[in-house]
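The next block holds one structure in the form of structure tokens; read it before the comments.
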Protein chains: 2
Amino acid sequence: MNSPENSLSERTDHTATAANDVVALLAAELGDAVSTDAAALAAARADKSGHVAEGTPLAIVTARTIADVQATMRIAHRTGTPVVTRGAGTGLAGGAIADRGEIVLSTLAMNAILEISTDDEIAVVEPGIINADLNAVLATKGLWFAPDPASKAISTVGGNIATNAGGLLCAKYGVTREAVSGLTVVLADGSLLELGHRTVKGVTGLDFTALFIGSEGTLGVIVGATLRLRRLPTGPVATIGAYFASVEAAARAASVISSSGLRPAIMELVDHQAMDGINRYLGLEGRDGESYLLVQFDGSGAAVDSDAALAVIRSLGGEAELTEDREEAERLFRIRRSFHPAMETRGTVLIEDVCVPRSALPAMFQAISDIEVQFGVSIPTVAHAGDGNLHPNFVFDADPLAPGGVPENIWAAADELFLAALRLGGTLTGEHGVGMLKRRWLGHELGAPQLELQRQVKAVFDPQGLLNPGKVF
Amino acid sequence: MNSPENSLSERTDHTATAANDVVALLAAELGDAVSTDAAALAAARADKSGHVAEGTPLAIVTARTIADVQATMRIAHRTGTPVVTRGAGTGLAGGAIADRGEIVLSTLAMNAILEISTDDEIAVVEPGIINADLNAVLATKGLWFAPDPASKAISTVGGNIATNAGGLLCAKYGVTREAVSGLTVVLADGSLLELGHRTVKGVTGLDFTALFIGSEGTLGVIVGATLRLRRLPTGPVATIGAYFASVEAAARAASVISSSGLRPAIMELVDHQAMDGINRYLGLEGRDGESYLLVQFDGSGAAVDSDAALAVIRSLGGEAELTEDREEAERLFRIRRSFHPAMETRGTVLIEDVCVPRSALPAMFQAISDIEVQFGVSIPTVAHAGDGNLHPNFVFDADPLAPGGVPENIWAAADELFLAALRLGGTLTGEHGVGMLKRRWLGHELGAPQLELQRQVKAVFDPQGLLNPGKVF
């Protein structure tokens, strides 16, 4: 296997003497867009994955224009310097972590909305705009960018695209790929490319837009995007909060709701370990082993569909309430929203992300229970139940930011978790991406021949391997 | 510019003496799956585009298994023989036309449904299954493969995937890409690859599944597909048929329906030239210049939404009727369905396919009118109005199957039509593909640097250029 560690250190040795020159070249061309501030460089060594790079990057370029991005890439290309593109740094797989000898190219300040067309239901944006900020503007026009990662209040649309982000609404409203029709990208040599189209349909040539979505900064730098918007759903929203005696019962209810043809906008499952932590955090008296299912319907069929879902839930032993009142709904949501804060009070948290066929959800919960016993770890889990997408959380007592900070049994348990998901016909990552953290399992899922082809396609766009080295491939 | 014509003739010269050997190799390995029947070879020189290859292919392999496809590709690879993969041959862009020196690899007999999972809402199928045949089986389980090209009664799912087919329902239900989560493909060297996943979400590595969808047989041979199904919509379906005094008024009504947030399952616009032919064909007394808008709503909001659409239509001068009765709806549909038969009574028809941003639909109709005058041709047009996808039809008096059969002014008018679509921010092809017919305009839309990158990506999968040479690139 091609060792990226080796190629990284070779590259570092090669450019070590030239590091000051690279920073000088950047500064000469880009002025105060270039920073070597120690705190900023340190921050760029981490994201929200719990992983921290060993070394410190060369400099951060805060691009304000496409020309800034092109100038940075031209210097990188000329000097053979690796570049890590970074938005808000909220990734959970280490995809935007920068290491020794690398330029950090931040697109966070490129955050303008360039166009909103109500008639065509599209928006053209710069990559640094925060998902929730965009949606706040769109809402004033009755429009909506549907991709809604849980990080939407802090993550950028560019980052959402780079990871093909999912979220809570995917079963009904699709993932990011379905909401992007075109991209403007800067390639490794600094050249600019327009991909895709402004139209609803378009099949001219290979679908490079889809190829870039989820490519995690390895093919080019996303500097603009044409987004496919939806109308904000109107009318009352119906929300159900349901308690079940076990996670199996809750998973079964979710499965029957899906297979009966109902399509909730949101269907979140909170397992017993997670509920235990949430109840303690909120000071609620929960019952041993209880699990929670949150279901929400929107659109013109919301009332009818939520009644049907409620009947399913009750027939399977769920204690449920249904409301169309916004404040009541907020109370039902609060349990799910309290998951991450509750976990953080209990220790350090690694948020994992596997996806299995919906029918394998109960088997995956069983596998998680087995892994907890086998490795002596606690893995509270929430799931986007309509998608079969689980977020098992590893909670432990250690500082992950210290080198070697994540205990070995946690990595071993995570390893077993990924293999269990693959055995169930699932995938390593439903929505977070591969980044640095899942590279070693990539060949398990893709197979060696496909992985080799993926590397060759990457090399077409980035023959020198400058873009986000050590990530994904 | 790289000339595919040259490379094709070089290849032909090179392999001319070996042609008999290639057929012998195929026959030795594949037995009666190999045919050199003259009528079958002649049929493979054409599709439904009106274009016919000058030469005759070597042989047709009717693959029945993945192993047959692999054996064919291994022989092709060893002997440097080009291969044209072909399903039902219903394409409209010449993408499955085979020429001198080429092997035709038919996947039409690989038509099994390997699995249907109601719980996971997926089906695993072979590529040769006819779209409508698959849906007939799925309907017995309350399931549905949503992509619905107008050719669905005769086109294969493999062909739908190879062209990323659209259809009448895309604005609401998406194109083929949104309905495929995984592919099994045989590469140019005969090796087998599994792409994608069975799960709702999955972001492991580059999205090769999306790259293959719409690649028109240039990257590999699709030998299996994992399809994302939907539940068949239940409840009454509401259908509106509306007459307008002009195509502009009909287009405006379609635009207001979309921009008021309604999302019809179907919204078809039939322009005045098309209506003139349809009225004559059906023996109806139409009014001069009248155009027709067919709108259909399904799902639980159908009744409410169709009332709202009817109000829009009447406020804009449309004479409309709304029905939930199936037979009445069929009568309203009959006008749209009679378009192609009506055109065929008037001469030879070339069906074109451009897509513009929805807001540019009136401007595109204006451009079509101008082109009719400028080139002295008649271009009756239907449009999937919710998508901005127009099918201008060139109707003329000539046998297109005779070499040089399509008159020069028709090609000149088509040329102008494509450029007009691009000028309006549109695309060369909304759903039919590039094939042979639109190659010369490809660089206009993609630009030379992107076209060059697309060729390099193609070369990663097919370094010898064996797969569908002379198509797309």
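Values as computed for the structure displayed
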| read-out | value |
| --- | --- |
| Residues (facing chain A (nearest Cβ under 10 Å), under 21 Å from B:Val221 (Cα atoms) and open to solvent by less than 10 Å² (accessible area, probe 1.4 Å)) located in the stretch B:152-180 | B:Ala165, B:Gly166, B:Thr176 |
| Inter-residue pairs, beta-carbon under 8 Å, first within 14 Å of another protein chain (Cβ to nearest Cβ) and in the stretch B:357-371, second crowded, with 22+ Cβ neighbours inside 10 Å and of a type in the set (D, E, K, R), 6+ apart | B:Pro357/A:Asp120; B:Pro357/A:Arg198; B:Arg358/A:Asp120; B:Arg358/A:Glu121; B:Arg358/B:Asp387; B:Ser359/A:Asp120 |
| Sole residue being under 20 Å from A:Thr163 (Cβ atoms) and in contact (Cβ under 8 Å) with a residue 60 or more places away in the chain, chosen from A:Ala53, A:Ala93, A:Ala43 | A:Ala93 |
| Filtered residues of the stretch A:159-205 (kept if touching a residue at least 60 places away in the same chain (Cβ under 8 Å), in contact with a strand residue (DSSP E or B) (Cβ under 9 Å, 6 or more places away or on another chain) and over 28 Å from A:Gly299 (Cα atoms)) | A:Gly159, A:Ala162, A:Thr184, A:Val186, A:Leu187, A:Ala188, A:Leu192 |
| Selection count where residues are of a type in the set (Gly, Ala, Ser) and surrounded by fewer than 24 Cβ atoms within 10 Å (Cβ to Cβ), scope the stretch B:368-397 | 3 |
| Residues of the stretch B:424-463 satisfying the condition of being part of a helix (DSSP H, G or I) and farther than 27 Å from A:Gly220 by Cα | B:Arg440 |
| Residue list for the stretch B:109-151, restricted to those being modelled with pLDDT of 95 or more, open to solvent by 40 Å² or more (accessible area, probe 1.4 Å), out of contact with any Lys or Arg (no Cβ under 8 Å at 6 or more places or on another chain) and away from chain A (no Cβ under 12 Å) | B:Asn111, B:Ile113, B:Leu114, B:Asp133, B:Ala136, B:Val137, B:Ala139, B:Thr140 |
| Test: A:Val256 is within 30 Å of B:Leu138 (Cβ to Cβ), modelled with pLDDT under 95 and among the β-branched types (Val, Ile, Thr) | yes |
| Close pairs from the stretch A:427-451: first at the interface with another protein chain (Cβ under 7 Å from one of its Cβ atoms) and more than 15 Å from B:His197 (Cα to Cα), partner open to solvent by 20 Å² or more (accessible area, probe 1.4 Å) and modelled with pLDDT of 95 or more, Cβ under 6 Å, at least 6 apart | none |
| Test for A:Leu193: is it hydrophobic (A, V, I, L, M, F, W, C), modelled with pLDDT of 95 or more and surrounded by fewer than 21 Cβ atoms within 10 Å (Cβ to Cβ) | yes |
| Per-region count, the stretch B:181-197, residues within 7 Å of chain A (Cβ to nearest Cβ) and touching a His at 6+ places or on another chain (Cβ under 7 Å) | 0 |
| Output for the stretch B:95-108, where each listed residue is away from chain A (no Cβ under 14 Å) and within 22 Å of the chain's Cα centre (by Cα) | B:Ala96, B:Ile97, B:Ala98, B:Asp99, B:Val104, B:Leu105, B:Ser106, B:Thr107, B:Leu108 |
| Test: B:Ala242 is assigned to a loop (DSSP other than H, G, I, E, B) and either within 22 Å of the chain's Cα centre (by Cα) or over 30 Å from B:Gln464 (Cα atoms) (or both) | no |
| Given (1) under 17 Å from A:Val382 (Cβ atoms); (2) without any contact (Cβ under 8 Å) to a residue 40 or more places away in the chain; (3) open to solvent by 20 Å² or more (accessible area, probe 1.4 Å), index of the condition A:Gly261 fails | (1) |
| Search result, residues across the stretch A:177-197 that are outside any strand (DSSP E or B), of a type in the set (A, V, I, L, M, F, W, C) and out of contact with any Asp or Glu (no Cβ under 8 Å at 6 or more places or on another chain) | A:Ala179 |
| Strands (runs of 3 or more DSSP E) wholly inside the stretch B:284-385 containing at least 1 residues that are at pLDDT below 95 | B:348-351 |
| Contacts under 6 angstrom Cβ, first residue in the stretch A:240-255 being more than 14 Å from chain B (Cβ to nearest Cβ), partner in a strand (DSSP E or B) and polar (S, T, N, Q), 6 or more apart | A:Phe244/A:Ser291; A:Val247/A:Ser291; A:Ala250/A:Ser291 |
| Only one of B:Glu319, B:Glu268 that is in contact (Cβ under 8 Å) with a residue 24 or more places away in the chain, on the phi < 0 side of the Ramachandran plot and open to solvent by 20 Å² or more (accessible area, probe 1.4 Å) | B:Glu319 |
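Residues are listed down the side, and each one gets a yes or a no for (1) part of a loop (DSSP other than H, G, I, E, B); (2) at pLDDT 95 or above; (3) at the interface with another protein chain (Cβ under 9 Å from one of its Cβ atoms):
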position: B:Thr199; (1), (2), (3): yes, no, yes
position: B:Val203; (1), (2), (3): yes, no, yes
position: B:Ala210; (1), (2), (3): no, yes, yes
position: B:Glu216; (1), (2), (3): yes, yes, yes
position: B:Leu219; (1), (2), (3): yes, yes, yes
position: B:Leu227; (1), (2), (3): no, yes, no
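The values are calculated or read from the model by the stated rules, or taken from the named source; none is laboratory data. From a predicted model like this one, the values you see are computed outputs, not experimental measurements. All Cβ positions, glycine included, derive from the backbone under ideal geometry; neighbour counts span all protein chains shown. We work out accessible area using only protein heavy atoms, side chains counted, and drop any ligands, DNA or RNA first. Shrake-Rupley method; radii C 1.70, N 1.55, O 1.52, S 1.80 Å.
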